[in-house]
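The values are calculated or read from the model by the stated rules, or taken from the named source; none is laboratory data. Values in this document were obtained by computation on a predicted structure and should not be read as measured data. Here the Cβ is made from the backbone with ideal geometry for all residues, glycine too, and neighbour counts use every protein chain on show. We work out accessible area using only protein heavy atoms, side chains counted, and drop any ligands, DNA or RNA first. Shrake-Rupley method; radii C 1.70, N 1.55, O 1.52, S 1.80 Å.
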Amino acid sequence: MKEMKKGLEGVVALDTKISYIDGIQGILKYRGINIEDLADLSYDAVSYLLITGKMPDEAELSEYSRMLVANRGINGKLIEVLKHFEFGVEALDGLRTAISCTAHFDEENNQHTPEANKNKAIKLVAEFPTIVAALHRASYGDEPIKPMDNLSHGANFLYMLSGKIPTDLEAEAMEKDLILSAEHELNPSTFSLRIASSTLSDMYSAVICGLCTLKGPLHGGARKGVMDMLDEIGSIENARDYALGKLERKEKIMGFGHRVYKTLDPRARIYKDVARRLAEENGDTSWFDMAEELEHILYHEFVEIKGKPIYPNVDFYSAVVYKYLDIPAELATSIFAMGRVSGWIAHCMEQYSDNRVIRPRAHTV
Ligand code: CMC
C-alpha cells in the first residue's frame, strides 16, 4: 500500500478544465481566465462560463439570463414546507432540506440526459437565492418577496431579503461576492460532490453533498465564524488581545490560513477593496478598520515572527462585506453556496462526462 497523506494533502485526484490555482503565486483562474478579470463581469456571465466552458457572447448571455430570470420563482409547496422548519443558528440546514424538496418537485430529477441536466442546472442556479431569501423571511414569520425581473442575480437576492432595492455599490458587491465564491478546484465540498457524481447519482443529490460539506467551520462555515468573531471583538482596541489570546490557547482564527494558498488568497484582495468601498459609502468604517487591524496583527504574528504562510482567506473580508450589506451571520454559508452552485454544477457535469467511480483505499491499522 502506498503512503497515506493525512487530509489528502497534495494528492492529485483528477483532471479538470474548470479552474486552476497557483497557491505560491496567488493565482486563481476559472476556465483559463484570471479571477481579477472575471470579478467585474456579471454573475450570470461567470456562471455560464463555468457551466458551459465558454465565455458567452451577447446573445448567449442574454438568453442565459432570460432563462435564469424565468426560473427564479419557487414552488408554492416548498414555501409551505419552509414555514415548518425549526430555525436555529444556521440557515444552511434549511437550504439543504429545501434543495432536497426541490428535487421531489422536479419530474426530471432522475433523468440523466444532457438536456435534463441542463434544465436542472438552470433551476438550481436560479432558485438558490430565492430559497435562501424565503428561508430568512420565514424565520421571522414573513412571506417571501417575489423576485424582480429587471434586477441582476445578486441585486435581486438583496431585494428579496429586505424588500429594498440595493444601491449600485451594494448590487456590485453582491455580484462580486457570488463570482468570487463560484469555484475553487477540489475544495472539500466540490470533492464530495464529485464523489457523489462519480456514482452516477443525480445532480440534486450531488449538490446536497456539496452543501453538507460546505457547512463545516473549517470550510464555508468559516465566513459565519468571521462575522461572529468581529461581533465578539467589538472594537478595534480589543483586536490585539483577542488575537493574541487565541494564539496562546492554540485556537484557530477564522478566515486565516489555507491548504493551498501559501500567500494572500487573490479573492481576499478583491473582497478587501469592496469592503473598503462599502465602508466609505456607509460612512462607518469601524468593521473594516477592525478587520484590517486584525490582518496587520496576524501578519506580524504568523509571517514575521513565526515564518508561517498564514494569510487572510476568502472568508475573511467577505464577512466584512456581509456586515456592510446587513446580512445576518446565519445566512453567510448559504450565500456562499448561492455562488458556489455554478462551480458545483460544472464539476458534476465534468465528472459525468468522463466518469470512473471515485473509490480510494484506507490503510488498515
Ligand atoms: N489560526 C491559527 N493557526 C492556524 C490557522 C488559523 N486560522 N490556520 C492554520 N494554522 C496553523 C495550525 O495551527 C498549524 O500549526 P502547527 O503546525 O503549529 O500545528 C499550521 O498552521 C497548519 O495548519 P493546519 O490546520 O494543519 O492546515 P490545513 O491545511 O490542514 O488547514 C485550514 C487549512 C483552512 C483548514 C486552516 O488554516 C484553518 O482551520 N483555518 C481557519 C478556518 C478557515 O478560515 N477556513 C476557511 C478555509 S478557506 C475557504 C473555504 O474553504 O471556505
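General remarks:
- Long-range neighbours under 9 Å by Cβ, at least six apart or interchain, first residue within 18 Å of residue 51 (Cβ to Cβ) within the stretch 184-200, second among the aromatic types (Phe, Trp, Tyr): 185/20; 189/344; 190/344; 193/344; 197/352
- Within the stretch 216-248, the residues that satisfy the criterion of being over 25 Å from the mean Cα position of the chain (by Cα) and away from the ligand (no atom under 15 Å from the Cβ) are 234, 235, 236, 237, 238, 240, 241.
- The stretch 13-34 - residue that is under 17 Å from the mean Cα position of the chain (by Cα) and open to solvent by less than 50 Å² (accessible area, probe 1.4 Å) and, of those, nearest to residue 350 (Cα to Cα): 18
- Being open to solvent by 10 Å² or more (accessible area, probe 1.4 Å) and of a type in the set (Gly, Ala, Ser) holds for only one residue in 337, 346, 362, and it is 362.
- Of all residues making up the stretch 218-245, the number that are closer than 20 Å to residue 301 by Cα and open to solvent by 40 Å² or more (accessible area, probe 1.4 Å): 6
- Of all residues in the stretch 270-280, those being open to solvent by 10 Å² or more (accessible area, probe 1.4 Å) and either within 12 Å of the ligand (Cβ to nearest atom) or not β-branched (Val, Ile, Thr) (or both) number 5.
- Hits in the stretch 101-133 - residues which are polar (S, T, N, Q) and within 15 Å of residue 81 (Cβ to Cβ): 102, 130
- Filter result for the condition that a residue is over 22 Å from residue 339 (Cβ atoms), in contact with a Pro (Cβ under 9 Å, 6 or more places away or on another chain) and within 13 Å of the ligand (Cβ to nearest atom), over 308, 262: 262
- Residues in the stretch 254-269 that are open to solvent by 10 Å² or more (accessible area, probe 1.4 Å) and either of a type in the set (Gly, Ala, Ser) or under 15 Å from residue 177 (Cβ atoms) (or both): 257, 269.
- Pairing each residue of the stretch 335-364 that is free of Cβ contacts under 8 Å to residues at least 60 places away in the same chain with any residue that is open to solvent by 50 Å² or more (accessible area, probe 1.4 Å) and outside any loop (DSSP other than H, G, I, E, B), provided the two are 6+ apart or on different chains, yields no C-beta distance under 6 Å.
- Within the stretch 169-206, tally of residues that are within 16 Å of the ligand (Cβ to nearest atom) and open to solvent by 20 Å² or more (accessible area, probe 1.4 Å): 5
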